[in-house]
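I'd like to ask some things about the structure below.
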Amino acid sequence: MQPESVAWQEASEVTKDVLYLGGFAVWYADVERATRYPSRAESDVEHSYMLTLVALHLADSFYPHLDQAKIAQFCMIHDAPEAIVGDTPTFNISPEARVAKEAAESKAVTQLLAELPPYWARLLERYEEQVEPEARFVRLVDKV
């Protein structure tokens, strides 16, 4: 394959995307969440995995018309902005703190939409739009 060829350039872009996603996963795993575990914090990766298991089980049991592949994908991306801003506990926060949290997360989404590989950026955008029933379902299960 010649370095000048389109295929080589496409392979190079895919390699860059894979390296970025690997780094993003490590970055995301380092986010400690506010949890009720007495001995340690839960990571965003643990949280997203748990959410995926629970959401898929609930969908299979009660909402079989929902697309489980979409649910799993939205579970993976739903807290991606926290890789940039961290996790802010939402229990008993002031209205001012909630506004600041939402502004920081909105800015993080904008940053991620510019940085993530196209597939993942579109997925995050679709989740944030909350148009698809699977996106709304994941948000609901995440809040429980």
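FYI, it's all coordinate maths here, none of it is from the lab. Being a predicted model, the structure only gives us computed values, none of them experimental. Every residue, glycine as well, gets a Cβ built from its backbone with ideal geometry; the counts of neighbours run over all protein chains shown.
Cut-off is 10 Å between beta-carbons; in what order do E82, E96 appear when sorted fewest neighbours first?
Ascending Cβ contact count within 10 Å gives the list E96, E82.
What list of ³J(HN,Hα) values in whole Hz, one per residue of the stretch 132-137 in order, does the Karplus curve 6.51 cos²θ - 1.76 cosθ + 1.60 (θ = phi - 60°) give from phi, with Gly and Pro shown as x?
6, x, 5, 5, 5, 4
Return the loop-located chymotrypsin sites (Phe, Trp or Tyr not before Pro) in the stretch 63-144 (DSSP other than H, G, I, E, B) with at most 10 other Cβ atoms within 10 Å of their own Cβ; answer none if there are none.
Sites meeting the loop and neighbour criteria: F91.
For H57, H47, H78, what ranking results if the residue with the fewest other Cβ atoms within 10 Å of its Cβ goes first?
Fewest-to-most ranking of H57, H47, H78: H57, H47, H78.
Can I ask one more? DSSP loop trypsin sites (Lys or Arg not before Pro) in the stretch 38-144 with at most 13 other Cβ atoms within 10 Å of their Cβ, which ones?
Passing both the DSSP loop test and the Cβ count: R40.
What length, rounded to one decimal in nm, is gained on full extension from Y63 through to T15, with 0.36 nm per residue of separation minus their alpha-carbon distance?
In short, 13.5 nm is gained.
Considering amide H positions built from the backbone, and no H for Pro or chain starts, which residues 5 or more places from S43, or on another chain, come under 5 Å of its amide H?
When sequence neighbours closer than 5 places are left aside, the close amide H contacts are R33.
Taking neighbour Cβ counts within 10 Å as the exposure measure, how do S94, S48, S43 sort from fewest upward?
S94, S43, S48
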